[in-house]
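The values are calculated or read from the model by the stated rules, or taken from the named source; none is laboratory data. Please read these numbers as outputs of a predicted model, since none were measured by experiment. Virtual Cβ from ideal backbone geometry, glycine too; neighbours counted across all protein chains shown.
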Amino acid sequence: MITISEIVKDGILEIKLPDNTAINKKYNIINDTKKQVASGKITGNTQRSCLYIGQLKKGKYQFILNDLEPISFTIL
């Protein structure tokens, strides 16, 4: 199971992945209207990653990793 920072204040979204997570995880970030606002790939065998999302406006978003269940977060 992945966890993310649910409230983002400084433009950095922290993502914690389970141990021994496979490489090449594709992610999407969508807004309230289900429009994709960011996408990319997390590579390597990592347990934690941080994404700079400071270009996104304040509001509610969802983080989706490899078509798993979306996880909501808010930018203040």
- Message: I'd like to verify a number: residues in the stretch 20-34 that are modelled with pLDDT under 95 and closer than 15 Å to GLU6 by Cβ, how many?
- Response: 0
- Task: Would you mind telling me which numbered condition in (1) modelled with pLDDT of 95 or more; (2) in a loop (DSSP other than H, G, I, E, B) THR74 fails?
- Result: (2)
- Which one is farthest from LEU68 (Cα to Cα), of the residues in the stretch 1-34 that are among the β-branched types (Val, Ile, Thr) and in a loop (DSSP other than H, G, I, E, B)? THR33
- Task: Just need a number here: residues in the stretch 35-52 that are at pLDDT 95 or above and not in a strand (DSSP E or B).
- Result: 1
- Note on the structure: Of those in the stretch 21-74 that are more than 12 Å from the chain's Cα centre (by Cα) and β-branched (Val, Ile, Thr), the residue nearest to VAL8 (Cα to Cα) is THR33
- Task: Could you give me the residue pairs with C-beta distances under 8 Å whose first residue belongs to the stretch 6-19 and is at pLDDT 90 or above, whose second residue is among the aliphatic types (A, V, I, L, M) and part of a loop (DSSP other than H, G, I, E, B) wherever it lies, and which are 6+ apart or on separate chains?
- Result: ILE7/LEU76; VAL8/ILE53; VAL8/LEU76; GLY11/ILE53; ILE12/ILE53; LEU13/ILE53; ILE15/ILE2; LYS16/ILE2
